[in-house]
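J.: Dropping a structure here in structure tokens format, bear with me for questions.
FYI, it's all coordinate maths here, none of it is from the lab. On a predicted model such as this, the values are computed, not experimentally measured, just so you know. Note that we place each Cβ from the backbone using ideal geometry, even for glycine, and neighbour counts take in every protein chain shown.
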């Protein structure tokens, strides 16, 4: 599965009652993330916590220079060299939803350099019938993202297409029943009130938006606030 396109590893996690927050955060911050950031292809990692009342409550986003990173050593050897702590923690996680995405050729739209780092992210997964995929992509590129760019807190929007996904965990009730969405959009903002702005609401009320919502087989949006960020120097 070699590809030179940038990639994203998205992981939704619900630690569950069997894992105290302090234990999970210590493992994630001081073991799990550093091992991945030690791989040169990893460009960044961000950990987030949900701002809505839905589960899973934890999100991690890993960006890599090439999606092929996820199918080659040293990344593929990490599962074979797990620490005793990780071996003991992993079977207790209530939900672990792992997805590998490839960045689309659609432009990443960025605000001025002084916009500041994103503190909030809106994660939107979409599935549409094959005959509507071209229209979906045009809607994002020609209307939806340009309209979101008018939101005062907006930093950037990035789109991806699914390569693979897998779900595990001890709590069957948390596992998604509608599958993993093929298309993913990450909309990043500096402030928490982006989705309440007039500009954001306007982007959801156009005739083209309503058309997309009518043919979408899955449309799932979640909002998260930043916990911690790691960047490649």
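J.: Relative contact order for the chain: what is it in percent, counting Cα pairs under 8 Å that are at least 6 residues apart? Write down the numbers at each step before the final one.
T.: Details: 441 pairs, mean separation 68.5, N = 233.
Across the chain, relative contact order equals 29 percent.
J.: Would you mind ranking 92, 47 by Cβ crowding within 10 Å, fewest neighbours first?
T.: On the way: 92 15, 47 21.
Fewest to most other Cβ atoms nearby, the residues stand as 92, 47.
J.: Here is a further query. Which distance in Å, rounded to a whole number, links the C-alpha centroids of the range 119-160 and the range 26-89?
T.: Going from one Cα centre to the other spans 25 Å.
J.: Students often check this: by mean Cβ neighbours within 10 Å, which of 187-195, 128-136, 56-64, 38-46 ranks highest, and how do the rest follow? Intermediate results must be reported in sequence, preceding the final value.
T.: Values: 187-195: 18.8, 128-136: 13.4, 56-64: 21.1, 38-46: 16.3.
My ranking of the peptides, most packed first, is 56-64, 187-195, 38-46, 128-136.
J.: Test of understanding: ordering 65, 157, 173, 168 by Cβ neighbours within 10 Å, fewest first, what list do you get? It would help to have the intermediate numbers written out before the result.
T.: Details: 65 15, 157 22, 173 8, 168 12.
With the sparsest Cβ surroundings first, the list reads 173, 168, 65, 157.
J.: Based on the inverse mean of 1/r over its pairs of different Cα atoms, what is the Kirkwood hydrodynamic radius of the range 7-231, in Å?
T.: Details: mean 1/r = 0.0541 Å⁻¹.
Averaging 1/r across every pair of different Cα atoms and inverting gives 18.5 Å.
J.: Between residue 105 and residue 167, what's the calculated FRET efficiency when r is the beta-carbon distance and R0 is 35 Å? Round to 0.05. Provide the component values of the computation, followed by the final result.
T.: Numbers: r = 28 Å, r/R0 = 0.81.
Computed FRET efficiency for residue 105 and residue 167: 0.80.
J.: Using a Förster distance of 25 angstrom, determine the FRET efficiency expected from the C-beta separation of residue 55 and residue 228, and round it to 0.05.
T.: Values: r = 20 Å, r/R0 = 0.81.
For residue 55 and residue 228, the calculated efficiency is 0.80.
J.: With each pseudo-label sitting 7 Å past Cα toward Cβ, what's the residue 21-residue 4 distance in nm, one decimal?
T.: 4.6 nm
J.: Also, I was wondering about something else. Could you line up 101, 215 from fewest to most neighbouring Cβ atoms inside 10 Å?
T.: On the way: 101 29, 215 12.
Final ranking by Cβ density, sparse to dense: 215, 101.
J.: Okay, next question. Taking the chain as a Gaussian network, where each spring joins two C-alpha atoms under 10 Å apart, which residue of 178, 99, 119 fluctuates the most?
T.: 178
J.: Can you tell me the length gained on complete extension of the stretch residue 206 to residue 177, counting 0.36 nm per residue apart and subtracting the Cα distance? The partial results should precede the final answer.
T.: Numbers: separation 29, 0.36 × 29 = 10.44 nm, distance 2.94 nm.
Gain in length upon complete extension: 7.5 nm.
J.: Right, another one. As a test of the formula, what do you get for the chain when each DSSP H run with n ≥ 4 contributes -39,500 (n - 2.57) and the sum is divided by the residue count, at 222 nm and rounded to the nearest 500 deg cm²/dmol?
T.: On the way: 7 runs with 44 residues, N = 233.
Helices in the chain give a 222 nm mean residue ellipticity of -4500 deg cm²/dmol.
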